[in-house]
Amino acid sequence: MFEKSYNIEIIKAIEKKWNVDSIKSKNINEDNQPQIVLKDVTTVYEGEKTPTLFDINLEINKGEFLLITGPNGAGKTTLLETILGILPIKKGTIEIDGMSVLKHGRKLRKKIGYVIQGLDFDPKTPFLVKTAVMIGRSGRIGLFRRIGKEDKRICRYYFDVLRNKKEIEDYWNRPIGKLSGGMLQKVMIASALASEPDILLLDEPFSNLDVNARNDIFQLLVRINKLANITILLVSHLSYVPKEISRVILIKKGRIILDAKRTNEVDLEQISIETFC
């Protein structure tokens, strides 16, 4: 086992090679304080006059698996960046674990893994795949602290979890600018996992991946959500709602127009996302 793991439950969840269908859905505990709270949040990009998000009110409980969807330009990515605290808000408040993101953003971001949409690198980019994965770990331990051998071993573990060892060569020491889109996407997900987060924000994580890779990674996400109780916010253009998703947030023109939780009365699979978009 890994002595310096920040969240050993993630590793345990990954090591249990359970199929998604064999994992029973847990009940989200809504009695405790919500993990993420946005109150009357409006976000405006610097230099812009028109807000991208309008009066967002959202409470997310620990262990929820959210699908955030909507048309292009709706504000999905902006919502993730706002929760992270990397975009200033014009009004409203954001709290994570009862702490203000405005005041404690740096501390809170150490516990959040983030996969950026459409990240690309110039072929001449000098650093290697292993460096990119370890950047995620650095965010957890602190950018100015040295990454030790145990941290490197943990980074390698998460990289190997994502890598298809049967079909793809070990590109750990390959320049990141030389990767294909699918390989790069796996590296970025591995980097987010290397931080061993309490919250995982994923912006179109399945882009550039083939069908098998998408399925494998989705099953991985379900395992860490249900077995390690990691809160996941997944931005995607899926036209359907997988049965493992506990809640759907639909954004259009900067506003939440649908917020549906899975209950005995609500069957999310029956929601036609395309109708709203």
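At each listed q (0.14, 0.15 Å⁻¹), what is the log10 of I(q)/I(0) that the Debye formula gives for segment 119-202 modelled as equal alpha-carbon point scatterers? Once normalised to I(0) and log-transformed, intensities are -0.44, -0.51. As a length-normalised measure over Cα pairs under 8 Å and 6 or more apart, the relative contact order of the chain settles at 28 percent. Using the Cβ of Gly148 as centre and a radius below 12 Å, the other residues enclosed give a net charge of +4, where K and R count +1 and D and E count -1.
The charge dipole of segment 27-93, taken about the Cα centre with unit charges on the Cβ atoms of Lys, Arg (+1) and Asp, Glu (-1), comes to about 200 debye, rounded to the nearest 20. The angle between the Cα long axis of helix 211-228 and the main principal axis of the chain comes to about 70°, on a 0 to 90 degree scale. Summarising the amide proton neighbourhood of Tyr114: residues at separation of 5 or more, or on other chains, whose placed amide H is nearer than 5 Å comprise Leu201. Take the Cβ atoms of Ser100 and Ser207, set R0 to 35 Å, and the FRET efficiency comes out at 0.60. Just checking the listed ones, Gly105, Gly139, Gly118: in the Gaussian network model of the chain with Cα springs under 10 Å, the one fluctuating most is Gly118.
Determine the dipole magnitude for the chain: charges of +1 sit on the beta-carbon of Lys and Arg, -1 on that of Asp and Glu, nothing else is charged, the reference point is the Cα centre, and the result goes in debye to the nearest 20.
In debye, rounded to 20, the chain gives about 1040.
Let a ≥ b ≥ c be the square roots of the eigenvalues of the Cα gyration tensor of segment 84-238; is it rounded (a/c under 1.5), or, if not, prolate (a/b larger than b/c) or oblate?
Here segment 84-238 falls in the prolate category.
Normalised per residue, the accessible area of the chain is 52 Å², obtained with a 1.4 Å probe and no contribution from ligands, DNA or RNA. With the charge dipole of the chain set up from +1 on Lys and Arg Cβ and -1 on Asp and Glu Cβ about the Cα centre, the Cα lying farthest toward the positive end among the listed residues Thr131, Gln33, Phe54 is that of Thr131.
Give me the angle, in degrees from 0 to 90, between the Cα long axis of helix 149-162 and the longest principal axis of the Cα atoms of the chain, rounded to the nearest 10. Tilt of helix 149-162: around 70 degrees.
Surface composition of the chain: carbon plus sulfur atoms hold 48% of the accessible area, using a 1.4 angstrom probe and ignoring ligands, DNA and RNA.
Once the Cα atoms are used to define both axes, helix 181-194 deviates from the longest principal axis of the chain by about 80 degrees. Kirkwood radius and radius of gyration were both taken over the C-alpha atoms of the chain, and their ratio Rg/Rh is 0.95. Counted by Cβ distance under 15 Å from His104, the other residues give a net charge of +3, where Lys and Arg count +1 and Asp and Glu count -1.
Taking Leu143, Leu80, Leu53 as the candidate residues, the one with maximal mean-square fluctuation in a Gaussian network model of the chain, Cα springs under 10 Å, is Leu143.
Seen from Gly70, the other residues with C-beta closer than 10 Å to its C-beta sum to a net charge of +4, counting Lys and Arg as +1 and Asp and Glu as -1.
The values are calculated or read from the model by the stated rules, or taken from the named source; none is laboratory data. Fair warning: this is a prediction, and the values are worked out from it, not measured in the lab. A quick note on method: Cβ atoms are made from the backbone with ideal geometry, for glycine too, and the neighbour counts reach across all protein chains shown. Accessible surface areas use protein heavy atoms only, side chains included; no ligands, DNA or RNA. Shrake-Rupley method; radii C 1.70, N 1.55, O 1.52, S 1.80 Å.
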